[in-house]
Amino acid sequence: MFIPINLALDGSNKLPSQLAKISHDELVLIELQGRLEVEGDRTGQAVGKLTLEKVGSPKPTLLIGHHLLEGKTVTLPKPLAVLHRSRPNCQETSDSQGEDGSQGSQEDVSYDIVALVKRKIVFAKRPIPVTGGVQPGSMAGDRDKKERKRAKIC
Amino acid sequence: MTGCEVRFGADRSDNGSFRLLELPPDLLKLIETSIENSTSPNLTIKGHPTDDAVLCTQNKTYTLRSVVLSNSICIVTAPEYGEEVNDGDGEGEGKEVVVIRDQVSEVLEVVPCVPKLDRLGGLLKGLEYDIDGDLEEGGPEWDGDGDVEMGSDEEVGGMSQVKKPSGVKKLTLEDARREIQASEYELERGLRDRRILQINGTLRPLRPSSLTTILTLLLNTLVSLSLPHSAAPVDELTITLLEEHEIRREVCRQVMLWFGQITPERTTGEKKEEKWSMDVESVVKEIGLGILRNHKDEPIRQDLFLSKWREEIGDTFSSSLSLSLLTGNYLSHPPLTSPSLTYFPSSSLPPDPSTRFSDLFLTRPRWRAEDLYPFLEGVAVDGKERDKLLLKFARAVGGGDGEGVWYSSRGKV
């Protein structure tokens, strides 16, 4: 077994400017307590709204449905290289196997270093519930079915 | 205050395809330099599916450990080209959108480790090259039964061209790169240290007795032709050894590379002539090892050994002779007034620390610190790690009375 790791930093797909400032201009790491769990197909679905306030140091908030998370940007104890698996020949297999396609063919696996990251955004606190009308427009036109459902529960 | 919308990525194959690799300072520097110069960082992950994976740079090996996080980390980028954000109602125009490509809850940690070269021995079993048996063969064949024991000096069988059914597979350098969990540089050094020849693309360990013979011949030839050992003409030497002793030139050349440097040198504009600058110490050492190897079980008196050794290398080089060259390869036995030696190479000890220690303490219940250290070099990358291993597997006794520290097995009282 022999898995090469290559560099693949093309720098063409930039993040919005405030996010790009955090550490890397193409990629940002957001740490959450727990995981984002989604029922059903989640591809392309909206999660929430990420805001960076510029009061002194940027203070990030993440609004998911009616839950507001407050976070901070921290420097990583050790820098991270973000590796992305590239498998030029196995696109179909991974599609047909769904989310666990990673075990598919191990033949031509290689990894690309897509970014070097030295800082991350961490949302470590408990979410604060926000009532419907607090931030009008923040979820401009709530179109996500799931979120609407969540709103009902609240 | 501005915000951007966070969405899940549209490409489902991204899920599980991201890894986060923690970078120690040296790796970070390596990657940063290669980004600056847009060169390849030459990083590879190596190992069989059942091995612990290692990460290799050009000259170092690291073990990869997966550390599970209780939190999850979202890898967020701008949407990819062509990944249109379907807003439904064109309201999202001009709004910034970022995409969660993957959620990761483990980080790969790297820890420097000793290259795992010991697998070479197993892979090359039965492929030893012997100067007496192999000369005529043009191809990468070998003779012998495949289960020839290491160190056996007898060549079995003839020039059989038929591959034995016992199925000794030949091994190319490319195979070794794939199989051995070591960086390129460490592998090259490993091949050199283990005296493994490359003949017609395949790897063949040179039998120790053959090596000693070649080296002795080289020394004799240098003296008899009055060639300077710091700049001996390569062609002249290899041709002499081929004609007079039937040593293949490529074999001879590789041996010369192991024991010195070959530099191309222009002589008066005519043609390039290569010169060999011999590493006298390592040649002397190897010849000493050759003699010592015969005394694995039967001790040889130290003074007898030294005079034999001196005789073998000749007067010209005897000033380089010193028993300390053989550190880590012999055991010295009392009485102290006329000690005797046995062959005890650290390379034959198990690579795993705990079995190595138990082996060492089986050989001797008590070790003086300075006697023990040479035998731990293969398992510890530096003195600090060695001391850690000693704390774990050995018990230190004494030290205050100027006699030095003795180590004994941890298990015994």
Step through the table entries A:Lys21/A:Lys120; A:Lys14/A:Lys118; A:Lys21/A:Lys118; B:Lys46/B:Lys170; A:Lys118/B:Lys95; A:Lys72/A:Lys125, compare each Cα-Cα distance with 19 Å, and write down the pairs that go over it. B:Lys46/B:Lys170; A:Lys118/B:Lys95
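If the convex hull of the alpha-carbon atoms of segment B:349-412 is projected onto planes in all directions, what is the mean projected area in square nanometres?
Details: hull surface 16.4 nm².
Orientation-averaged projected area of the Cα hull: 4.1 nm².
Can you give the net charge of the other residues whose Cβ lies under 14 Å from the Cβ of B:Ser340, counting K and R as +1 and D and E as -1? Kindly include the intermediate steps, with their values, before the conclusion.
Numbers: positive: B:Lys296, B:Arg301, B:Lys308; negative: B:Asp297, B:Glu298, B:Asp303.
Combined, the nearby Lys, Arg, Asp and Glu give 0.
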Taking the alpha-carbon centroid of each part, what is the distance from segment B:202-247 to segment B:297-338 in angstrom? 23 Å
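What does the net charge come to around B:Ile300 if you take all other residues with beta carbon closer than 15 Å to its beta carbon, with K and R at +1 and D and E at -1? Walk me through the numbers on the way to the answer.
Numbers: positive: B:Arg293, B:Lys296, B:Arg301, B:Lys308, B:Arg310; negative: B:Asp297, B:Glu298, B:Asp303, B:Glu311, B:Glu312.
For residues surrounding B:Ile300, the net value is 0.
Could you work out the local net charge near B:Leu217, counting Lys and Arg as +1, Asp and Glu as -1, over the other residues with Cβ closer than 11 Å to its Cβ? Walk me through the intermediate numbers first.
Details: positive: none; negative: B:Glu244, B:Glu246.
With Lys, Arg at +1 and Asp, Glu at -1, the neighbours total -2.
Ranked by accessible surface with a 1.4 Å probe, highest first, in what order do B:Lys384, A:Lys125 come? Walk me through the numbers before you get to the answer.
Values: B:Lys384 160, A:Lys125 115 Å².
Per-residue accessible area, sorted high to low, gives B:Lys384, A:Lys125.
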Over the Cα atoms, compute the radius of gyration (one decimal) and Dmax (the largest Cα-Cα distance, rounded to a whole number) for segment B:16-73, in Å. 13.1, 37
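The values are calculated or read from the model by the stated rules, or taken from the named source; none is laboratory data. Just so we're clear, the structure is a prediction, and the values are computed from it rather than from any experiment. Reconstructed Cβ throughout: ideal geometry from the backbone, glycine too, with neighbour counts over all protein chains shown. Accessible surface areas use protein heavy atoms only, side chains included; no ligands, DNA or RNA. Shrake-Rupley method; radii C 1.70, N 1.55, O 1.52, S 1.80 Å.
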